[in-house]
């Protein structure tokens with residue numbers, strides 16, 4: 001389907017819904033393509049290609065709300081689908097807080113090109129993809145006697161979405177991503193430590209294509225001899241790519257749903273200091289080539305750059321139109337874009353020196369946070385650090401505490417933001433965290 | 001593509017408002033009427049009327065299926081299969097006292113897979129016209145490079161058991177029939193405890209129609225119903241806020257809904273939340289852990305189940321890769337992965353490779369008896385497949401996956417087990433778990449439990465992670481009671497980016513030593 005065909009189908013669907021009793025309607029039509037090659041032992045292990053389409057409709061009928069999606073895009077079937085959806089919606093209870101956004105808050109189509117898509121996606125030769133996957137594998141193939149298994153992979157994805165609402169929004173967006181990865185298992189006695197490494201880019205030409213297999217192998221070998229050490233309070237560094245696990249409960253606590261439904265440990269905290277002064281965070285949708293960049297959100301609200309934490313003081317929640325009305329607060333968008341930290345002056349090695357003694361966490365294993373209280377507990381693996389040096393891989397340990405105390409205990413921020421994700425987390429140093437081991 | 005082999009299990013409360021849910025979930029209004037109805041046609045075919053109805057539903061016939069398979073194998077593949085799926089999901093949810101939102105999703109298409117040895121080519125199509133299917137078959141065929149002429153195998157219809165016979169299917173049930181149960185669940189929770197301040201309740205039903213055909217000529221079909229109901233409860237007292245979740249899920253029809261299940265869910269949600277006001281954290285470190293009957297089956301899922309999945313063992317990446325036939329646990333330990341429990345969320349009449357489901361002993365009398373196989377791994381190990389080849393949808397390739405994983409009863413009693421522990425914990429309510437296949441480290445998150453002091457349950461505990469090592473934990477199961485129980489919560493297992501419904505179960509057992517999260521002394 002071309003973009004024009006999507007707009008045409010969306011406009012028809014809106015009219016059909018309005019004609020059959022809807023008061024307001026939003027339609028989005030998405031189409032995506034993806035491919036994936038995994039290689040193992042010098043052979044292609046899996047080869048996969050896909051094209052996917054879908055339509056989602058949000059309906060506001062007599063003050064009642066529902067949302068529906070389908071991948072059956074034939075107009076005759078869609079007509080029936082929409083009519084049945086409207087009929088079903090009438091049985092629900094009315095919800096006075098449901099409506100499309102204020103049209104004045106919509107994106108008006110005047111934004112810059114954020115370069116979120118590679119227009120050469122369709123031109124890429126399938127043979128190149130296979131070759132790249134083998135190139136990753138060949139970096140480590142038979143390079144070390146301790147290797148048990150290497151899986152290397154190439155993947156790509158692109159999508160385009162058209163969205164139209166009955167009160168005046170109309171817009172489309174496109175994205176792409178290309179990735180290479182390696183997973184290496186090594187023989188470490190009884191245990192068979194496995195580590196991975198990956199690269200990812202919006203533009204194929206910007207994808208880092210070397211060092212992936214080698215880094216995965218190096219990281220796996222360093223895990224041989226993992227052990228658990230004594231329980232106690234240790235200073236803790238979390239490596240940039242692992243920070244997300246500890247960071248997502250903090251971001252979830254800022255979500256409008258969590259606030260209004262009391263599943264947040266940061267209710268009524270705007271303007272208060274809730275974290276260390278080292279926490280300086282901005283949500284920036286306008287980074288050219290950012291993985292989370294966008295001009296409007298999934299409701300059509302125009303994107304805005306916002307400070308989230310200023311020296312540990314909470315500046316904003318993430319609130320969509322519905323929870324904005326329930327909370328009597330202005331909507332800010334219910335979703336994060338690029339989360340950018342103000343970084344410190346040193347990299348991971350510098351943080352290790354600065355910590356001197358403690359534990360470097362490089363991965364998490366399970367665990368959870370209680371959204372209402374902020375109490376958390378996570379399994380970890382990583383390395384014991386003594387006198388500024390990594391001395392021993394550790395595993396089979398937990399960290400436990402409360403999110404409010406954890407973020408107050410943030411002592412240093414690295415200068416190594418993880419740029420493969422829209423959450424550009426640097427490595428972080430925390431003081432005195434409870435570890436459980438022996 | 002997957003960077004790490006961390007497998008997960010979770011039954012956390014999901015906020016149905018989130019956009020991610022819209023993509024995968026669905027309203028009680030979408031229906032099968034959108035597609036050709038299931039009519040029994042009699043064309044003198046040797047196929048059953050049931051199968052013929054599925055062929056009609058997907059608008060295909062034997063000749064088309066055979067052509068697509070021939071194309072899939074045209075470049076030299078050894079084996080090919082077609083997996084047609086039509087899935088309808090409907091969801092109703094309550095927030096702030098009223099059933100005020102509905103979601104629905106319709107998904108339809110065919111996955112085409114070609115095997116060459118243990119290599120896989122895969123493509124899918126969302127339209128099932130011959131042209132679209134032949135195009136996808138050509139793509140999947142590329143895993144092989146050569147030429148081959150295939151003569152079509154005769155169609156053989158597989159026999160079908162019926163592990164989820166239902167009384168009233170969801171497509172006959174309207175929104176007004178379902179709403180009162182969700183409303184009652186909310187009202188009962190509020191009536192039970194004055195500290196309740198918020199309730200999120202939801203009901204999701206799902207109906208899948210599956211048609212399967214492979215290059216060996218096997219043809220079969222399945223009708224898979226599913227219902228899940230859950231309540232997330234928030235209580236407040238003197239500024240302290242606590243939450244709890246309760247859910248039930250079965251392959252059942254509308255007969256699932258009754259006063260009893262609503263009462264059960266309301267009581268469980270309230271009890272699980274109320275206990276937290278008195279709860280503390282244990283001291284951090286290693287200690288004996290008594291796993292209460294039921295949801296403690298998460299121990300088996302994480303510590304043992306995933307590491308027994310034969311794809312990991314075939315590749316040598318599992319810590320159990322060289323342990324087949326070896327003694328791995330006490331002799332009273334019998335661990336089963338079962339796809340045949342009536343109405344169970346993890347049950348399947350056939351797996352997603354058309355293989356009959358079965359009850360598989362993973363550990364028999366303490367000895368590692370069988371891995372969990374799909375077609376590729378069974379062929380690699382030269383054993384019969386165990387019916388564990390599962391996929392999230394027609395968009396995904398089958399992998400060895402669990403169904404209902406549980407342990408059979410042992411020789412001890414619950415009271416004896418608790419009495420045997422001087423200082424430790426008792427746990428029986430969990431939200432999620434994870435495992436690292438190679439290192440063998442597994443975790444599960446405890447929502448609540450109790451301290452054990454001098455053989456007695458004392459103070460409640462909450463929100464702690466427990467971590468252990470699979471082979472060690474299995475060997476450390478030193479006592480097992482007679483109170484076997486399956487947990488029928490909304491457990492969903494994640495692996496390689498694919499989610500499938502499962503359940504787990506366990507009698508009360510003692511694990512001699514695990515590392516418990518908590519506070520340092």
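Every number here is computed from the coordinates shown, using simple stated rules; none is lab data. This structure is a prediction, so every number in the text was calculated from the model and none was measured. Every residue, glycine among them, receives a Cβ derived from its backbone with ideal geometry; neighbour counts consider all protein chains shown.
Quick notes on this structure:
- By the count of neighbouring beta-carbon atoms within 10 Å, fewest first, B:396, B:373, A:291 end up ordered A:291, B:396, B:373.
- Whole-Å distance, taken between Cα centres, linking the stretch A:38-69 and the stretch A:341-371: 35
- Over the stretch A:139-256: Rg over Rh, Cα atoms, Kirkwood Rh: 1.13
- Shielding by other protein chains, A:369-376, mean Cβ within 10 Å: 6
- Once the gyration tensor of the Cα atoms in the stretch A:3-221 is diagonalised, the equivalent ellipsoid follows with semi-axes of 46, 19, 16 Å, ordered largest first.
- Over chain B, relative contact order from alpha-carbon pairs under 8 Å, at least 6 apart, %: 17
- Alpha-carbon centroids, the stretch A:163-196 and the stretch B:335-371: separation in whole Å: 32
- Each of residue B:382 and residue A:209 was given a label point 7 Å from its Cα along the Cα-to-Cβ line. The distance between the two points is 4.2 nm.
- Ascending count of other beta-carbon atoms within 10 Å, so fewest first, for B:409, A:380: B:409, A:380
- Longest to shortest principal axis, alpha-carbon extents of the stretch A:340-438, angstrom: 34, 33, 24
- Evaluated on the protein assembly as shown, the Kirkwood hydrodynamic radius is 28.8 Å, with distances taken between all distinct Cα atoms.
- Peptide A:359-366 has a mean shielding of 5, counted as Cβ atoms of other protein chains within 10 Å of each residue's Cβ.
- Helix-only CD estimate at 222 nm, as mean residue ellipticity for chain A, using -39500 (n - 2.57) per DSSP H run (n ≥ 4): -6000 deg cm²/dmol
- Relative to its residue count, the stretch A:226-438 spans a Cα convex hull of 107 Å³ per residue.
- Each DSSP beta bridge with both residues in the stretch A:226-438 is either parallel or antiparallel, and the antiparallel ones are about 85%.
- Global geometry of the stretch A:240-340, whether rounded, prolate or oblate, following the gyration tensor of its Cα atoms and the 1.5 cut on a/c: oblate
- The stretch B:31-277: C-alpha gyration tensor shape, a/c 1.5 cut-off, then a/b vs b/c: prolate
- For chain B, the mean residue ellipticity at 222 nm estimated from helices alone is -5500 deg cm²/dmol, where every DSSP H run of n ≥ 4 contributes -39500 (n - 2.57) and the total is divided by all residues, rounded to the nearest 500.
- Pairs of alpha carbons in the stretch B:247-406 whose separation is greater than 28 Å (percent): 35
- Whole-angstrom gap from the stretch A:130-145 to the stretch B:383-448, using each part's C-alpha centre: 35
- 5 Å-binned pair-distance histogram of the stretch B:285-516 (Cα, whole percent): 1, 7, 15, 20, 21, 16, 10, 6, 3, 1, 0
- Rg/Rh, computed from the Cα trace of chain B with Rh as the Kirkwood radius, has the value 0.99.
- Shielding by other protein chains, A:53-65, mean Cβ within 10 Å: 2
- Cβ-based exposure ranking for B:491, A:197, in which fewest neighbours within 10 Å come first: A:197, B:491
- Proportion of all alpha-carbon pairs of the stretch B:87-232 beyond 19 Å (%): 68
- Relative contact order %, chain A, counting alpha carbon pairs below 8 Å whose residues are six or more apart: 15
- Cα gyration tensor shape of the stretch B:265-359, rounded if a/c is under 1.5, else prolate or oblate by comparing a/b with b/c: oblate
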